[in-house]
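Below: the structure, in structure tokens.
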Amino acid sequence: MNKLTVTILSLGVLAGAYGVAFGVPDQIAELWGTAQVESAAAPQGASRGPRGQSRSTTVVLAPLEKRAYTLVLRTVGSAVSLRRANVIATEAGEVVQAAPHANKLVEKGDVILRLDDRTERLDLEIAQANRDQAQATVSRYRGLRNNGNAVVTDVALSEAEVALRLAEANVGLAEVALEDRTILAPISGRLGLSDIHVGDRLSSGDAIVTIDDSTTLLATFEVPERSIGLLAEGKPVFVSTPTYVGRIFEGSVTAFDSRLDSVTRSATVEAEIDNSEGLLLSGMTFTTRMTEETDPLPVVPATAITWDRSGAGIWIEDNGQVSRVSVTIRYRDGNQVWIETDAPDGSQIVTEGAAKLREGSKVGTAQSKEGQTG
């Protein structure tokens, strides 16, 4: 014991000598001064917490407000011409005239190419000759009957009239066969690439050329199950393509599937895109965007949401005390959260400091830099 006492006294003497020689360190002086000031400033009988803190918790309050949330759907799709046609050879034959130049604009009814039609022209002349002969026979029989000649019976006249109708039908068939030797544009539009040239031999069913009327494009894309509520005929659609960075093209939904794909859990949607300027080509890939605003919902900062066993909730301040109200989170956007809650509009909610609150806790508002209540 005597050794311990001597040691303590020796340390005290050394500390005093150090202080006299070099002064008291700044950190120790600051701590000592702060402790004295707090001890002198604390009023007698002040209410304090278990660790010397005030029972009133400092928080930041803000009124509960409602705002609409903008639902945005982004997806990728492709587009084709709304009106398009694949020109197919319906007859076999040798090409004697071809004019399918790529990117050439054609009108409906313009000649695309011609096949050798010499045989069909001769067939038409034969059919016309037979028709003329049948017509002459019917005219002669009718003249004789009108003059009272009994040689021409009703049966003979009827047979002559039937022969005339058959001859006229054969003329019509020959005219159709001759017309089929000339391939016409079924729609107005722009021709695609074709490798058909004069002298080529075509078979029935051979592809000749494609025609696209791209003034309006038909975009096709998939919408996931969670966004089916955005679909409605006439719904605005905004599309963009890497070819024209920053350019937005507008369209509208024209149709969508009546069922979801069992694998992808999505519905196929079609939308018409205005392309009157002719900038877009059939087959392009597009980024599609659809938007819709919801009804106004309460919106709070993410820091106002707290969690417990019952789920998410917010704290409502009333006369200096707080109570917890359950909420259902609907949407998130950055630091903002759209919720469903029974709390009335305009209620003062705790936006900062909510994590340290308990039911019925007393709260005080934080002071801003200017000294005003936050």
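Out of curiosity, is Ile196 open to solvent by less than 30 Å² (accessible area, probe 1.4 Å), under 30 Å from Ile112 (Cα atoms) and not in a loop (DSSP other than H, G, I, E, B)? Walk me through how you get there before you give the answer.
Values: open to solvent by less than 30 Å² (accessible area, probe 1.4 Å): yes; under 30 Å from Ile112 (Cα atoms): yes; not in a loop (DSSP other than H, G, I, E, B): no.
No: the conditions fail for Ile196.
Which count do you get for residues in segment 63-88 that are at pLDDT 90 or above, open to solvent by 30 Å² or more (accessible area, probe 1.4 Å) and either among the aromatic types (Phe, Trp, Tyr) or within 30 Å of Ile349 (Cβ to Cβ) (or both)?
Of the residues in that region, 5 qualify.
Taking segment 205-221, which residues are more than 26 Å from Glu277 (Cα to Cα) and either surrounded by 13 or more Cβ atoms within 10 Å (Cβ to Cβ) or in contact with a Ser or Thr (Cβ under 6 Å, 6 or more places away or on another chain) (or both)?
Initially, segment 205-221 is screened for residues more than 26 Å from Glu277 (Cα to Cα), giving 205-208.
Hits for segment 205-221 are Asp206, Ala207, Ile208.
Any residue at all in segment 267-275 that is open to solvent by 70 Å² or more (accessible area, probe 1.4 Å), assigned to a loop (DSSP other than H, G, I, E, B) and more than 14 Å from Thr75 (Cβ to Cβ)?
no
Looking at segment 301-350, which of its residues are open to solvent by less than 40 Å² (accessible area, probe 1.4 Å) and of a type in the set (S, T, N, Q)?
Thr306, Thr341, Ser347
Whether any residue in segment 229-246 is of a type in the set (S, T, N, Q), touching a Lys or Arg at 6+ places or on another chain (Cβ under 9 Å) and within 30 Å of Arg84 (Cβ to Cβ) is what I want to check.
Checking segment 229-246: at least one residue is of a type in the set (S, T, N, Q), touching a Lys or Arg at 6+ places or on another chain (Cβ under 9 Å) and within 30 Å of Arg84 (Cβ to Cβ).
Of everything in segment 112-138 that's in contact with a Leu (Cβ under 8 Å, 6 or more places away or on another chain), in a helix (DSSP H, G or I) and of a type in the set (A, V, I, L, M), which residue is nearest to Ala207 (Cα to Cα)?
Only one residue tops the list, namely Leu124.
So the check is Cβ under 7 Å with 6+ separation or different chains; which pairs have a first residue in segment 210-235 that's farther than 14 Å from Arg74 by Cα and of a type in the set (Val, Ile, Thr) and a second one that's open to solvent by less than 30 Å² (accessible area, probe 1.4 Å) and assigned to a loop (DSSP other than H, G, I, E, B)?
From segment 210-235, the pairs are Thr210/Gly192; Ile211/Ala185; Ile211/Ile187; Thr215/Asn275; Thr216/Asn275.
For segment 89-106: of the residues being open to solvent by less than 40 Å² (accessible area, probe 1.4 Å) and in a loop (DSSP other than H, G, I, E, B), which is nearest to Ser194 (Cα to Cα)? Step through it out loud before you land on a result.
Restricting attention to segment 89-106, the residues satisfying the condition of being open to solvent by less than 40 Å² (accessible area, probe 1.4 Å) are 89, 93, 95, 98-100, 106.
Next cut, in a loop (DSSP other than H, G, I, E, B) only: 89, 99-100.
Numbers: Ala89: 13, Ala99: 10, Pro100: 6 Å.
Per the criteria, the residue is Pro100.
Return only the number of the condition from (1) among the small types (Gly, Ala, Ser); (2) closer than 27 Å to Ser203 by Cβ; (3) in a helix (DSSP H, G or I) that Gly109 does not satisfy.
Among (1) among the small types (Gly, Ala, Ser); (2) closer than 27 Å to Ser203 by Cβ; (3) in a helix (DSSP H, G or I), Gly109 violates only (3).
Looking only at segment 287-300, how many residues end up being open to solvent by 20 Å² or more (accessible area, probe 1.4 Å) and in contact with a helix residue (DSSP H, G or I) (Cβ under 7 Å, 6 or more places away or on another chain)? Please lay out each step first, then the result.
Initial filter on segment 287-300 (open to solvent by 20 Å² or more (accessible area, probe 1.4 Å)): 287, 289, 291-297.
Then drop every residue that is not in contact with a helix residue (DSSP H, G or I) (Cβ under 7 Å, 6 or more places away or on another chain), which leaves 292.
Within segment 287-300, residues that are open to solvent by 20 Å² or more (accessible area, probe 1.4 Å) and in contact with a helix residue (DSSP H, G or I) (Cβ under 7 Å, 6 or more places away or on another chain) number 1.
Can you find, within segment 149-183, the residue that is least open to solvent (accessible area, probe 1.4 Å) among those that are of a type in the set (D, E, K, R) and closer than 20 Å to Leu115 by Cα?
Among them, the one singled out is Arg181.
Looking at Ser258, Ser240, Ser252, Ser227 in this structure, which one is on the phi < 0 side of the Ramachandran plot, out of contact with any helix residue (DSSP H, G or I) (no Cβ under 8 Å at 6 or more places or on another chain) and assigned to a helix (DSSP H, G or I)? Even if it seems obvious, please write down each step before you answer.
Working: Ser258 fails: assigned to a helix (DSSP H, G or I); Ser240 fails: assigned to a helix (DSSP H, G or I); Ser252 fails: assigned to a helix (DSSP H, G or I).
Selected residue: Ser227, the only one of Ser258, Ser240, Ser252, Ser227 that is on the phi < 0 side of the Ramachandran plot, out of contact with any helix residue (DSSP H, G or I) (no Cβ under 8 Å at 6 or more places or on another chain) and assigned to a helix (DSSP H, G or I).
Any idea which of Leu115, Leu157, Leu164, Leu144 is under 60 Å from the mean Cα position of the chain (by Cα) and among the aliphatic types (A, V, I, L, M)?
Working: Leu157 fails: under 60 Å from the mean Cα position of the chain (by Cα); Leu164 fails: under 60 Å from the mean Cα position of the chain (by Cα); Leu144 fails: under 60 Å from the mean Cα position of the chain (by Cα).
Checking each option against the conditions leaves just Leu115.
The values are calculated or read from the model by the stated rules, or taken from the named source; none is laboratory data. These numbers come from a predicted model, not from an experiment. Ideal geometry is used to build each Cβ from the backbone, glycine not excepted, and the neighbour counts take in all protein chains shown. SASA here: full protein model, heavy atoms, side chains in, ligands and nucleic acids out. Shrake-Rupley method; radii C 1.70, N 1.55, O 1.52, S 1.80 Å.
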